[in-house]
Amino acid sequence: MSEEKQTHEDKIHGIAKGMLQSSVGYLSDEVNSDRAKALKYFKGDIRGDEIKGRSQVVTSEVSDTILAMMPPLMKIFTQPGRSVRYEALKEEAEDGAKQSTDYVNNVVFGIDNDIFKIAYNWFFDALCQKNGIVKWYWDETDTEELKEFSNLTIEELIQLTESDDVEVVEHTENEDFTHDVKLKVTSKTGKVRVVNVPPDEFLISARARDIETANLVAHRVRMRVSEGVQMGFDREAMEGLTDSLSEITEEDWVRFDDQESVSFSDEHADKSEREFWCNECYLKVDLDDTGIGRLVKCWIGGEDGSVILGWEEATEKPFAAICPIPIPHVFYGLSQADLTMPLQDIATATLRGVLDSMYLANNPRMLAVEGQVDLDDLLTPRAGGIVRAKRSDAVRELNTTFVGGQALPMFGLIEQMKEARTGMSRQGNSLSGEALQNTTATAANQVAEAANQRMDMIARIFANGVKDLYRGVLRLIIAHQDKARTVRLRGKWVEIDPRSWDAEMDVIANVGIGHGTDQERIGALQGVLMYQEKAMANPSLGLVEPSHVYNAISDLVEASHLPGVESYFANPEDKKPEQPQPSPQEQMFKAQMQMDQAKAQMDAEAKKAKIQSDQQIAGQKLQFEGQKFSAEMAQEEDQFDRELDLKREQIAAELVTKSDISNIKMGGRPG
């Protein structure tokens, strides 16, 4: 490690360690105690003030309220493909906004992540434990695949194995110098992962107002040594860290207290699987002494943050938080459990008193004169049993007044207080016969409307956190998905390449689509379709497009709990746009152009034919001249050959004549 990097690491470690130890939630504090208490109340655990022999019943105001609020919230934010959409801020980004909306809703939160489970845990944490936290990150995994090839040339073998992602497992060279090979191909695939962060594992700097402006946010998690090694951390440093029980929060104990054997120790596990506490911290540090801090991400281990395992620069804090009852200017607000826990105490005490009174009324205490009654008979309650006494007035009941009649109105008062605090009511949450009989239609509608208003406010508050999540997921996809991915959208296979998307698109959460029953939604949508039909009868108004009708039908099919709309209707946006019909003037102009084009084409073809004819005549003439030239050349060649033969004969004759003369001079005539 370079000296500069070591200096940066020491500086980051010192700042992060100090901020970590002073953060909210690092050690047991009031927030942790409140959350643990809320979880106990939700589970209906006994409070610890019970008296032996008395009623120990616990009422369920906390769980009733939270479980009543969960379904409408889940319905609002988990509608398939309809809860959240991206809105383009530039005209050229319009197509990317539609494509990213389909991809994130149907693939990222439909295939890669379970949006229903994420939303359930997220909303439950907020309603029960003040704040719900989610975190997103890019998860890269290596996939190995074995492939076999036969009869490869040496060039083909080199081409297949030149990549670093390919490993030769088996190789055989054949007699004909070809090659059989088995390869292990490693490919990397990356996906967005969204996980719920338990509230007691999320740390934030003291006096923080929100995640964006907080000096420090951290995720405190139990990490295995093997996971740290894969991330590049020092193995010896991790093995020296402890998983001290003092770092286990009260909430953890409450979560697992109903299990028969609770043990946070892993002393029998392999060293590579042993766990230790690791804090993934996000904070700003001025690394270059410029006066401007840069966001860094570091991993701090140890009970007191004594070891820094690694660090890197970061682009964002990948967390989104929601709180049902935010308090201005502070991060931690109130939960529904905070509002209903006092009511549960009152209801529990009242019900216990009623039950104790009923028990005493049915089994009253007895007054017995000492020495005049057989106490064994008296202490053995038996139907038709005999109590032996020396005189008739030796045994009598102590007067016990049943107070149930006077206490029962208290439950109505408690219910009214709960309705005022939470907005949830029995009339709004159920359709019991008694509730309908004792409530007029107008009153029932008013109660339901009040509950809807409270639920609408909470949904809009939650929508801000949901938008933060979708915005972070969009930026993560654009930054890390470096190649196209083929996925199935709206019943068709399409190729998605997010590199051209705009990372600054706006996010719109449709928080109003969860209100009302399915029948009410179906009735409303049918009314919309009726008005759309009337508007389409007068197209000059331009009120309705085919896409508007398709959207209404899509919502109607969804409210009817039928399969996807693509099973019944085609999306008009998928059809190729029809060419507009030309005007008569345009038709005449087009016909004239076609005639001119035909004439020009005919002239061109005539010229072309003339040129071809001239070329053909010229070729024939050239061929004739060539043949004539060849004939003349052949004739001249024959003449030359004849003259050459004649010359040869003359020379031969002259040689014979000279030979005869020479013989005569030398020896006379022969003979």
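The values are calculated or read from the model by the stated rules, or taken from the named source; none is laboratory data. Computed from a predicted model, the values in this text were never measured in an experiment. For neighbour counting, all protein chains shown are included, and Cβ atoms are generated from backbone atoms with ideal geometry for every residue, glycine included. Ligands, DNA and RNA are stripped out before the accessible areas are found, and what is left, the full protein with its side chains, is counted by its heavy atoms. Shrake-Rupley method; radii C 1.70, N 1.55, O 1.52, S 1.80 Å.
One residue stands out in the range 472-514 among those that are in contact with a Pro (Cβ under 9 Å, 6 or more places away or on another chain) and in a loop (DSSP other than H, G, I, E, B): the one that is surrounded by the most Cβ atoms within 10 Å (Cβ to Cβ), namely 514.
What residue, among those in the range 231-266 that are among the β-branched types (Val, Ile, Thr) and under 31 Å from the mean Cα position of the chain (by Cα), is modelled with the highest pLDDT? Out of the qualifying residues, it is 254. Counting the residues of the range 1-50 that are open to solvent by less than 90 Å² (accessible area, probe 1.4 Å), part of a loop (DSSP other than H, G, I, E, B), of a type outside the set (D, E, K, R) and farther than 20 Å from residue 295 by Cα gives 5. Residue count for the range 270-302, restricted to those that are on the phi > 0 side of the Ramachandran plot and open to solvent by less than 20 Å² (accessible area, probe 1.4 Å): 1. Across the range 116-159, the qualifying residues are those that are open to solvent by 50 Å² or more (accessible area, probe 1.4 Å) and of a type in the set (Phe, Trp, Tyr), and the one among them that is nearest to residue 486 (Cα to Cα) is 137. In the range 341-355, the residues that are open to solvent by 50 Å² or more (accessible area, probe 1.4 Å) form Cβ pairs under 8 Å with partners that are modelled with pLDDT under 90, at six or more places apart or across chains, as follows: 346/410; 346/414. Among the residues of the range 76-91, is there at least one that is acidic (Asp, Glu), more than 15 Å from residue 340 (Cβ to Cβ) and touching a helix residue (DSSP H, G or I) at 6+ places or on another chain (Cβ under 8 Å)? Scanning the range 76-91, I find at least one residue that is acidic (Asp, Glu), more than 15 Å from residue 340 (Cβ to Cβ) and touching a helix residue (DSSP H, G or I) at 6+ places or on another chain (Cβ under 8 Å), so the answer is yes. Across the range 55-72, not a single residue is classified as surrounded by fewer than 21 Cβ atoms within 10 Å (Cβ to Cβ) and under 17 Å from the mean Cα position of the chain (by Cα). Name the residues in the range 373-393 that are open to solvent by less than 50 Å² (accessible area, probe 1.4 Å) and either in a strand (DSSP E or B) or not hydrophobic (A, V, I, L, M, F, W, C) (or both), would you? Correct list: 373, 374, 377, 385. Tell me which residues, restricted to the range 535-568, are more than 20 Å from residue 522 (Cβ to Cβ), open to solvent by 80 Å² or more (accessible area, probe 1.4 Å) and assigned to a helix (DSSP H, G or I). If the condition is that a residue be more than 20 Å from residue 522 (Cβ to Cβ), open to solvent by 80 Å² or more (accessible area, probe 1.4 Å) and assigned to a helix (DSSP H, G or I), then 536, 539, 540, 541 are the ones that fit.
For first residues located in the range 14-41 and without any contact (Cβ under 8 Å) to a residue 40 or more places away in the chain, partners that are among the polar types (S, T, N, Q) and open to solvent by 40 Å² or more (accessible area, probe 1.4 Å) and lie 6+ apart or on another chain with Cβ distances below 9 Å form the pairs 27/21; 27/246.
Select from the range 396-424 the residues that are part of a loop (DSSP other than H, G, I, E, B) and open to solvent by 90 Å² or more (accessible area, probe 1.4 Å) and write down the one among them that is farthest from residue 339 (Cα to Cα). Top of the filtered list is 399. Looking across 105, 113, one residue alone is open to solvent by less than 70 Å² (accessible area, probe 1.4 Å), within 30 Å of residue 498 (Cα to Cα) and free of Cβ contacts under 8 Å to residues at least 40 places away in the same chain. It is 105. Kindly check whether there is at least one residue in the range 577-590 that is at pLDDT below 75, open to solvent by 100 Å² or more (accessible area, probe 1.4 Å) and in contact with a Lys or Arg (Cβ under 8 Å, 6 or more places away or on another chain). Taking every residue of the range 577-590 in turn, none turns out to be at pLDDT below 75, open to solvent by 100 Å² or more (accessible area, probe 1.4 Å) and in contact with a Lys or Arg (Cβ under 8 Å, 6 or more places away or on another chain). Any residue in the range 203-225 that is at pLDDT 85 or above, in contact with a helix residue (DSSP H, G or I) (Cβ under 9 Å, 6 or more places away or on another chain) and of a type in the set (Ser, Thr, Tyr)? Looking through the range 203-225, at least one residue is at pLDDT 85 or above, in contact with a helix residue (DSSP H, G or I) (Cβ under 9 Å, 6 or more places away or on another chain) and of a type in the set (Ser, Thr, Tyr).
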